[in-house]
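Below you'll find the structure, written out as C-alpha cells, and then a few comments.
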Amino acid sequence: MTEPVAYSVTDRIAVLRVQNPPVNALSQAVRAGLDAGLARALADDGADAILILGDGRTFIAGADISEFGKPLAAPGLPDVVNRIEAAGKPVVAALHGTALGGGLEVALGAHYRVAVPGAKVGLPEVLLGILPGAGGTQRTPRLTGAEAALDMITTGKHISATEALRIGLIDAIEDGSPEEAGLRFTRRLLVEGAGPRPTRGIAPAPHDPALFDAWRAKVAAKTRGQIAPVTCVDAVEAAFTLPFDAGLKRERELFSGLMASPQREGLIHAFFIERKVGKLPEIAGVTPRDVAWIGVIGGGTMGAGIAAAALLNGLSVTLVEQTEAARGAAHARIAGILGDSVARGKLTEPARDTLLGDRLTCVTEYAALADADLVIEAAFEDMAVKKTIFTALDQHCKPGAILATNTSYLDINEIAAVTARPGDVIGLHFFSPAHVMRLLEVVVAEHTAPEVTATGFALAKRLKKVAVRAGVCDGFIGNRILASYRMAADHMVLEGATPYAIDAAMVDFGFAMGPFAVSDLAGLDIGWATRKRLAPLRHPNDRIAKFADMMCEEGWFGRKTGRGFYDYTDPKRPVPNPQVAAMIDADRAARGITPRAFTAEDIQRRYMAAMINEAAKVVGDGIAARPLDVDVTLLYGYGFPRWRGGPMKYADMRGLPSILADIEAFAQDDPHFWHPAPLLTDLVARGASFDSLNG
Ligand code: 3H9
C-alpha cells in the first residue's frame, strides 16, 4: 500500500510527498503522515530544510470533506499546521494544481511558499458553509492585509499564482515540476542562510476598524440567509483584534459553530451530489459518440442560446431556420450573445469573429446537416411540428447522428417513433437562457441507446453544464415538480394569501425570487398556454385559478409587457400591480371562498410539502433515478437555495414524518389535490430517508 506521505531526502532537503489520490485530501492518515514526516525530518541530521508537495495532479485540495459530521480522529489539522509552523528548520510548500482550504492552510503553516505557473489557490470553505479552520483566517490577513483576505475567504474564489504572488500570499513562481520548483527554491534559501519564518510572527497591517462592519453589511446583502460568509468576516476581524493564539481559538469556536449548522450539511450534500449525478449504472463504461459538429433547428431565444453555448465551448454549429429573414435574425441573436461575452471580457473580439465567421453557419436547408454529429431541435412546442422536423432529420442526417429534442414536456417516444432510428433519439432539455443556465435534463426515451445517453452527458460536460437523467413524462423532472408547487401557490392565493406574501415567504426561505415574480419574468403567457393545453385533460375537481387568465386577457404578460403580478413602471423597483387584488377577489367570490390568513411559515410548509410530495412521486415513478437527481435539478434549474441541499435533503433534515403529517393535514381540506406519494409513505413506515435511496 502507498504511504499517505512519502519521505525522501534530496540535496539535504527532506521531501514530504502527500500521496492521497485523487486530490490529496487531508484524511486522518495524511494528517498523521505529515506529523510523522515532520518529526522525522526534524530529527534527520541529513536534512537542513523541509519541502512539502503533493503527488499527482494537485497539491492538497483541502480537508477530507467526507469526514465532516463524523467524530474527528487525531491529529487535528490545526495542530498539524501549528507544528509545521513551529519547526526549527525552514519549511517550504511547493504548490501545483489547486492548493485549497486546509491544503492552503498547510502551506500557510510552512515558512515559504513557491508555486508553479498554472497553480491556483483558494479558501473555498465558505462554499461548504464553514470557514478556514486551521489558521487560514488568522494567517492569510497577516500576509495579504485585511481586504484581500476578506475577499478570498468570504467568496471562496480560486486565484492564480500570479495574483497570489501579487497579494503576498506566496513568495515566488518557479517553472518545472513541483519537485523541481520546490527544490530549486529551497536550495536558494539554504544558500542565503534563510531560516524559519513563522507567519504568526508577522504583525497584521494597520486597518480601518470600520472595514469589518462594512464587509459584514456587504456580505450579508449578497449572501442573504447564509451564516458562513458573515462569520468569515468575524473570524478575520479576530486576526486584527486578538493576539495570534487567541485569534486561533476564536477561529476554532466560530468554525465549530458552523460545522454543526444545517447549512453546512446542505452545502456538503450539494457538493457530493453534483459529482454523483452523472454516475449512472446504465452508462458506466459506455463510450460516448464523438461530437464536434452540432445542428440546431430553430433560432429563437432557446436555439440561439444553445448554439452560442456550443460555439463558446469549441463546437461547430449549423443552424436551420425556415426563412431567410428568420435565418438572419438567428445569426444576429447569436452574434448578440457572443458580443455580451466580449463585453464581459470572456471572449476576445478576434475569437468572436472566428466563431461567427468560421464555426457558425445559418441556413434554411436540412441538407446542410448531412454531416452533423448531433442535432438539437428547438422549434415550436407542437407535436405535429416536431414530427415533421424529425422526419426530415431522419432523412438528411448521417447514420449514427444523434437526434435530440429540446421539448420541455412533449412525449419523446412519440417523436422518436417517426424516425427509423429511435435508439438515436433523446431529449436534451436546456433551460433559458441556454448559454447561462447550468442545468441540462437528459431525457431518456424508451428506445434511447445507452451510448446516446452517455453522449448527452458528455456533451453537457463539454458545455460546462450539470446533466441530470430524466425519464419521459409531462414536464420531466423539473417542470413536473414545478407544476405541482406552483399549483399549491395558486391554491393558497385562492384561499387568502396574497401573491406578494407568498413571494416574500419563499424569498425568506432562500429562493432568489418568489414564484409569482418568476412567472412575471418568464412571461405569464407561458402558463396561460399550458393551462389551455392541459384544460381538456383536467379532472372536473381540479382547482385551476382563474385570476391569472384574467390578467392575461388584459394583455399583462409580466415583465415584458410592464405589468403582471407586479407593476414594472420602474423596472428596478417593481411594486404590486394594484389591479390584481380585484381579480383574485372575483375568483374567490365565484368559488364562495372566505379568505383566511396565512403566516410565512404556513406558506413555506405548504409550498415545500407540494414540492416534496411531487418529487417523491417523480422518484417513485422512475422519472428521476434517485432523490439526488431531483435535488440537482431544483438547485441548478429552479433557484432552490443551495445551502438547503435541495428539496429531498431539506425533507430528510426536517424529518419525513413531519412532511407526511403536513400533506395528510392538507388532504383533509383538499383530498383531490393532496395524495401522499406512496414512496414517502413507505419511507416513513420504514423509518428511512430519501438519502438512503441515493446509493
Ligand atoms: C477544508 O479544507 C476545511 C479546513 O479549513 C480544515 C479545518 C480544520 N475531500 O471535483 P472533482 C473528491 S474544507 C474529499 O470531480 P475536479 C470528489 O468528491 C475543504 N473528497 O475533480 C471526487 O470524488 P469522486 C476545502 C474530495 O478536477 C474527486 O475528489 N476544499 C475533496 O473537477 C475528484 O473531484 C474544497 O472545498 C475533498 N476536499 O476538481 C475543495 N475534493 O471521484 C473541494 C474533491 O469519487 N474540491 N474530492 O466523485 C474541489 O473544489 C474540486 O474537487 C477540485 C478538483 C478543484 C479540487
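The values are calculated or read from the model by the stated rules, or taken from the named source; none is laboratory data. In this text the structure is predicted, and so the values were computed from the model without any measurement. Glycine gets a Cβ as well: all are built from the backbone with ideal geometry, and neighbour counts include every protein chain shown.
Among the residues of segment 212-248, those identified as among the charged types (D, E, K, R) and either in the same structural domain as A505 (by TED's automatic domain parsing) or over 19 Å from I202 (Cβ atoms) (or both) are D213, R216, K218, K222, R224, D234.
Conditions tested, residue by residue: (1) small (G, A, S); (2) surrounded by 24 or more Cβ atoms within 10 Å (Cβ to Cβ); (3) within 23 Å of P78 (Cβ to Cβ); (4) touching a residue at least 24 places away in the same chain (Cβ under 8 Å).
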residue: L123; (1), (2), (3), (4): no, yes, yes, yes
residue: A134; (1), (2), (3), (4): yes, yes, yes, yes
residue: L143; (1), (2), (3), (4): no, no, yes, yes
residue: A149; (1), (2), (3), (4): yes, yes, yes, yes
residue: A161; (1), (2), (3), (4): yes, yes, no, yes
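Filtering segment 102-125 to residues that are within 10 Å of the ligand (Cβ to nearest atom) and either under 24 Å from the mean Cα position of the chain (by Cα) or farther than 19 Å from V233 by Cα (or both) leaves G102, G103, L104, V106, K120, G122, L123, P124, E125. Over 30 Å from Y650 (Cα atoms), over 23 Å from the mean Cα position of the chain (by Cα) and of a type in the set (A, V, I, L, M, F, W, C): does that describe A307? No: the conditions fail for A307. Which pairs turn up if I take residues in segment 191-210 that are among the polar types (S, T, N, Q) and look for partners that are assigned to a helix (DSSP H, G or I) with beta carbon separation below 7 Å, at least 6 apart in sequence or on another chain? Every condition considered, the pairs that remain are T199/E85; T199/L108; T199/R139; T199/R142; T199/L143. Among the residues here, V618 does not qualify as in contact with a Gly (Cβ under 8 Å, 6 or more places away or on another chain) and either surrounded by fewer than 15 Cβ atoms within 10 Å (Cβ to Cβ) or not hydroxyl-bearing (S, T, Y) (or both). The condition of being out of contact with any helix residue (DSSP H, G or I) (no Cβ under 7 Å at 6 or more places or on another chain) and either at pLDDT 95 or above or crowded, with 23+ Cβ neighbours inside 10 Å (or both) holds for only one of K276, K222, K249, that being K249.
Per-residue answers, yes or no, for (1) at pLDDT below 95; (2) within 24 Å of A677 (Cβ to Cβ); (3) not basic (K, R):
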position: V580; (1), (2), (3): no, no, yes
position: M583; (1), (2), (3): no, no, yes
position: D587; (1), (2), (3): no, no, yes
position: D602; (1), (2), (3): no, yes, yes
position: A609; (1), (2), (3): no, yes, yes
position: E614; (1), (2), (3): no, yes, yes
position: K617; (1), (2), (3): no, yes, no
position: V630; (1), (2), (3): no, yes, yes
position: L656; (1), (2), (3): no, yes, yes
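Residue-level check: of (1) near the ligand (Cβ under 10 Å from one of its atoms); (2) at pLDDT 95 or above; (3) over 22 Å from the mean Cα position of the chain (by Cα), N82 misses just (1). Can you tell me which residues in segment 173-190 are surrounded by 14 or more Cβ atoms within 10 Å (Cβ to Cβ) and touching a residue at least 60 places away in the same chain (Cβ under 8 Å)? E174, G176, P178, E179, A181, G182, L183, F185, T186, R187, L189, L190 - these are the residues of segment 173-190 that are surrounded by 14 or more Cβ atoms within 10 Å (Cβ to Cβ) and touching a residue at least 60 places away in the same chain (Cβ under 8 Å). Taking residues in segment 663-680 that are closer than 15 Å to A616 by Cβ, and partners anywhere that are part of a helix (DSSP H, G or I) and of a type in the set (S, T, N, Q), the pairs with Cβ atoms closer than 6 Å and at least 6 places apart or on different chains are I663/N613; A677/N613. Here's a check for you: in segment 637-661, which residue that is surrounded by fewer than 20 Cβ atoms within 10 Å (Cβ to Cβ) and closer than 16 Å to E601 by Cα is farthest from the chain's Cα centre (by Cα)? Checking each candidate, the answer is A661.
Looking only at residues in segment 261-296 that are within 14 Å of the ligand (Cβ to nearest atom) and among the aromatic types (F, W, Y), the one that is nearest to the chain's Cα centre (by Cα) is F271. Contact map, segment 73-96: residues that are over 19 Å from L169 (Cα atoms) paired with residues that are among the β-branched types (V, I, T), Cβ distance under 8 Å, separation 6+ or inter-chain. Pairs shown: L77/V106; V80/V106; A87/I50; K89/I50. Can you say whether R686 is crowded, with 16+ Cβ neighbours inside 10 Å, basic (K, R) and either modelled with pLDDT of 95 or more or more than 24 Å from C473 (Cα to Cα) (or both), as far as the supplied structure shows? Criteria not met by R686.
Contact map, segment 267-293: first residue of a type in the set (F, W, Y), second residue within 15 Å of the ligand (Cβ to nearest atom) and not in a loop (DSSP other than H, G, I, E, B), Cβ cut-off under 9 Å, separation 6 or more or different chains; pairs are F271/I65; F271/L127; F271/L128; F272/I65; F272/S66; F272/L628. Across segment 317-366, the qualifying residues are those that are without any contact (Cβ under 8 Å) to a residue 12 or more places away in the chain and among the β-branched types (V, I, T), and the one among them that is surrounded by the fewest Cβ atoms within 10 Å (Cβ to Cβ) is T348.
Selection over segment 198-219 of residues that are assigned to a helix (DSSP H, G or I) and surrounded by 13 or more Cβ atoms within 10 Å (Cβ to Cβ) gives a count of 8.
Restricting V30, V23, V15, V5 to those that are over 19 Å from R275 (Cβ atoms), within 38 Å of the chain's Cα centre (by Cα), touching a residue at least 12 places away in the same chain (Cβ under 8 Å) and within 12 Å of the ligand (Cβ to nearest atom) reduces the list to V30. Residues in segment 253-267 that are assigned to a helix (DSSP H, G or I) and either surrounded by fewer than 17 Cβ atoms within 10 Å (Cβ to Cβ) or hydroxyl-bearing (S, T, Y) (or both): 4 in all. Entry remark, segment 367-382: residues being in contact with a His (Cβ under 9 Å, 6 or more places away or on another chain) and surrounded by fewer than 22 Cβ atoms within 10 Å (Cβ to Cβ) number 3 in total. Set side by side, the residues G129, G88 differ, and just one is surrounded by fewer than 24 Cβ atoms within 10 Å (Cβ to Cβ) and more than 8 Å from the ligand (Cβ to nearest atom), which is G88.
If you scan segment 58-75, which residues turn out to be within 11 Å of the ligand (Cβ to nearest atom) and either hydrophobic (A, V, I, L, M, F, W, C) or surrounded by 16 or more Cβ atoms within 10 Å (Cβ to Cβ) (or both)? Result: T58, F59, I60, A61, G62, A63, D64, I65, F68, L72.
Would you say T599 is of a type in the set (S, T, Y) and over 25 Å from the mean Cα position of the chain (by Cα)? For T599, the condition - of a type in the set (S, T, Y) and over 25 Å from the mean Cα position of the chain (by Cα) - is met. Screening V291, V296 for residues that are in contact with a Gly (Cβ under 6 Å, 6 or more places away or on another chain) and at negative phi leaves exactly one candidate, V296.
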